[in-house]
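The values are calculated or read from the model by the stated rules, or taken from the named source; none is laboratory data. Please read all numbers here as calculations on a predicted model, not as lab measurements. Using ideal geometry, Cβ is built from the backbone for each residue, glycine included, and neighbour counts are taken over all protein chains shown. In case anyone asks, the SASA skips ligands and DNA or RNA and just uses the protein heavy atoms, side chains included. Shrake-Rupley method; radii C 1.70, N 1.55, O 1.52, S 1.80 Å.
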Amino acid sequence: MRKRKGYPVYPLTAAQKFHLFYQNFCPKKEVLNIGTSLTIGADLDWKVLKEAIYKAYERNDFMRLRFAKDKEGNWYQYIVDKEEREIEFVDFSGASMEEAEAQMREWTQVPFKRQDSPMNRIVMIRTSDGYNGLYLLIDHMTADAQSLIGFLKDVIQIYCNALYEGVEYPKEMSSYLEQLQKDLAYENGSKAQERDRKFFRNLIDHSPEPIYNGLRGTMELEESRKRLGDPNVRAAINVSDSVDSALDTFHLEEEPTRRLFDFCEKYHVSMTCLLIMGLRTYFQKMNGHEDVSINTAIARRATLKEKKSGGTRIHSFPFRTVISEDKTFLEGIYEIRDLQNIYFRHANFDPVEYFAYRGKKYPHPNGETYEPMSLTYQPMSLQEENLTKLGDIKYKTKWYPNGATTQAMYLTVMHRPEDNGLDFNFEHQIKAVSREDLEYLYYYLCKIMFKGTENPNLKIGDIIKLI
């Protein structure tokens with residue numbers, strides 16, 4: 001396929017193929033849906049807001065993406081010139097907030113038609129709590145959380161520029177198409193791709209086999225050893241026979257969040273490093289292994305153009321650390337930082353190829369894994385300099401579960417727009433991980449992070465004993 005409906009077509013990127021790969025194995029096709037609402041504590045001019053949405057569609061080409069399949073079953077993508085769909089308006093002011101949120105959850109659980117179809121839906125909403133704004137549903141093959149937030153910011157700033165003095169018109173967004181062509185050039189046998197392939201293969205070839213760490217201890221690993229009749233098995237099955245999922249969110253207040261950020265600033269480490277350190281220490285405590293591996297997402301948005309180009313750019317790799325209990329909390333953090341910096345240099349590599357190569361070295365025909373969970377940290381916030389000029393206007397965001405996940409547990413840590421505290425969003429298979437499991441994990445994760453940041457020279461073994 002070269003053209004579709006008069007538009008040039010392009011192959012899918014590695015990040016897009018990854019989403020398509022797991023959707024194919026999921027009975028619930030809404031697994032790729034991301035649903036969110038952004039509401040503002042003020043009356044809105046709906047006509048101006050609608051114009052701002054159309055303008056943002058015009059400025060963000062990734063929001064005009066379409067997919068098409070050829071006769072052999074290969075998927076392609078293309079971008080249409082204009083988005084002319086009618087923007088919906090729903091008035092929830094006569095309904096309770098619970099009823100409004102239930103309706104938005106329902107919307108989030110309706111999969112998109114994939115062939116030649118818009119891959120997002122925007123609804124202007126009025127709610128009974130005095131907040132007004134937008135509900136946005138988007139397909140993960142066209143956007144990740146960072147590009148979704150970038151689009152919403154663009155809408156807000158265009159709207160505010162039209163209505164308020166002193167709010168600048170937002171700077172131009174970057175071209176999704178330009179970044180897409182760079183990704184495809186990399187994936188087409190480039191020297192950079194070969195370098196990254198060599199790095200990851202070396203990593204797999206010259207490391208001993210990883211070991212699985214369970215959320216509540218070694219039960220799943222012991223079960224695998226018993227089932228396979230081999231006491232040396234190091235992988236386990238942690239998913240259930242159902243992809244039905246729930247989203248449980250835990251809120252860390254503004255003041256303790258600031259303490260964590262102060263630590264990161266003082267020691268020149270990222271919040272991701274601190275979160276990984278907290279999580280891996282939790283698994284070390286629960287399982288007794290100093291060898292811990294979890295999947296971590298890398299946004300691949302190092303340049304300004306990548307940050308503002310939209311699309312889905314996340315690659316996810318197992319992040320494995322072997323840190324002795326004799327090391328201090330700070331030494332562990334620095335090991336994670338140094339390893340992360342190496343990963344960032346090679347993060348354009350296709351994660352599916354990584355897992356396939358590791359699967360050949362350590363075959364697991366029953367679907368066992370070494371990683372109990374995945375982590376994403378989302379640094380973007382809606383608290384923008386331009387928007388603070390509007391005085392005390394408050395913002396609220398809410399994420400809605402799509403009801404399906406192919407992983408046992410996925411943690412996304414995000415900034416809360418109301419106060420810039422942190423939200424810990426756990427999407428999990430209902431039959432694999434309980435709300436009680438998550439409360440336990442969150443409680444100890446916070447204890448570890450605060451004990452470590454307050455006493456960075458304390459040994460990891462001592463932190464484990466003290467909590």
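Looking only at region 406-415, decide whether some residue is surrounded by 19 or more Cβ atoms within 10 Å (Cβ to Cβ), of a type in the set (G, A, S), in contact (Cβ under 8 Å) with a residue 60 or more places away in the chain and over 20 Å from E98 (Cα atoms). Scanning region 406-415 turns up at least one residue that is surrounded by 19 or more Cβ atoms within 10 Å (Cβ to Cβ), of a type in the set (G, A, S), in contact (Cβ under 8 Å) with a residue 60 or more places away in the chain and over 20 Å from E98 (Cα atoms). Among the candidates T272, T218, the residue that is β-branched (V, I, T), within 24 Å of N455 (Cα to Cα) and open to solvent by 20 Å² or more (accessible area, probe 1.4 Å) is uniquely T272. Confirm whether R234 is over 23 Å from T453 (Cβ atoms), crowded, with 17+ Cβ neighbours inside 10 Å and charged (D, E, K, R). Considered against the rule, which asks whether it is over 23 Å from T453 (Cβ atoms), crowded, with 17+ Cβ neighbours inside 10 Å and charged (D, E, K, R), R234 comes out as yes. Taking the numbered list (1) under 24 Å from the mean Cα position of the chain (by Cα); (2) farther than 21 Å from Y57 by Cα; (3) of a type in the set (G, A, S) in turn, S190 passes all entries but (1). Looking at region 372-395, which of its residues are at pLDDT below 85 and either part of a loop (DSSP other than H, G, I, E, B) or basic (K, R) (or both)? P379, M380, S381, L382, Q383, E384, K389, L390, G391, D392, I393, K394, listed by residue number. May I ask you to list the residues in region 289-345 that are closer than 29 Å to T406 by Cα and of a type in the set (A, V, I, L, M)? Passing the criteria: V292, I294, A297, I298, A299, A302, I314, V322, I336, L339, I342. Checking each residue in region 275-297 for being open to solvent by less than 10 Å² (accessible area, probe 1.4 Å) and aliphatic (A, V, I, L, M) picks out L275, I276, M277, L279, V292, I294. Any idea how many residues of region 91-144 are of a type in the set (D, E) and touching a Leu at 6+ places or on another chain (Cβ under 7 Å)? Total meeting the criteria: 1.
Residue under question is K5, and the condition is that it be touching a residue at least 40 places away in the same chain (Cβ under 8 Å), at positive phi and surrounded by fewer than 20 Cβ atoms within 10 Å (Cβ to Cβ); does it hold? Yes; evaluated as a whole, the condition is true for this residue. The criterion of at least 2 residues that are of a type in the set (A, V, I, L, M) and touching a residue at least 40 places away in the same chain (Cβ under 8 Å) is met by the following helices (runs of 4 or more DSSP H) wholly inside region 261-356: 271-287, 329-345.
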